[in-house]
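A.B. asks: One structure, pasted below without further comment.
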Amino acid sequence: MKGAVSSYKACSDAIDIIEKLSKKIRSDAGFKRKNHCILLLKRKMLNGLKKNTKPGNVLDLK
């Protein structure tokens, strides 16, 4: 599970960097941030995700 959380965080961080660079160089490539959804089937996976994402980005539907 740690590997999955690390991979998610690395991808999220990479998207943040791409967004910042796109704005900095005033790219006309059309970068646009999209919402995404992750389905977790186990409670311990949700707890791990909550610890490693920005506050408010995780919705717990119990």
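Each reported figure results from applying straightforward, stated rules to the coordinates on display, with no laboratory input. Every value quoted in this text rests on a predicted model; they were computed, and no experiment measured them. Here Cβ is always computed from backbone atoms with ideal geometry, including for glycine, and neighbour counts include all displayed protein chains.
A.B. asks: In whole Hz and in residue order, list the ³J(HN,Hα) couplings for the stretch 8-24 that follow from phi through the Karplus curve 6.51 cos²θ - 1.76 cosθ + 1.60, θ = phi - 60°; x for Gly and Pro.
C.D. replies: Karplus values, whole Hz, x for Gly and Pro: 4, 5, 4, 5, 4, 5, 5, 5, 4, 5, 4, 4, 4, 5, 4, 5, 4.
A.B. asks: Follow-up question, since we're still on this one. 7 Å from Cα along Cα→Cβ at both SER27 and ALA14: what's the point-to-point distance in nm?
C.D. replies: The answer from the label model is 1.3 nm.
A.B. asks: My understanding is that a pair violates if its Cα-Cα distance is over 29 Å; which of LYS2/LYS23; LYS2/LYS34; LYS24/LYS44 do that in this structure?
C.D. replies: LYS2/LYS23; LYS24/LYS44
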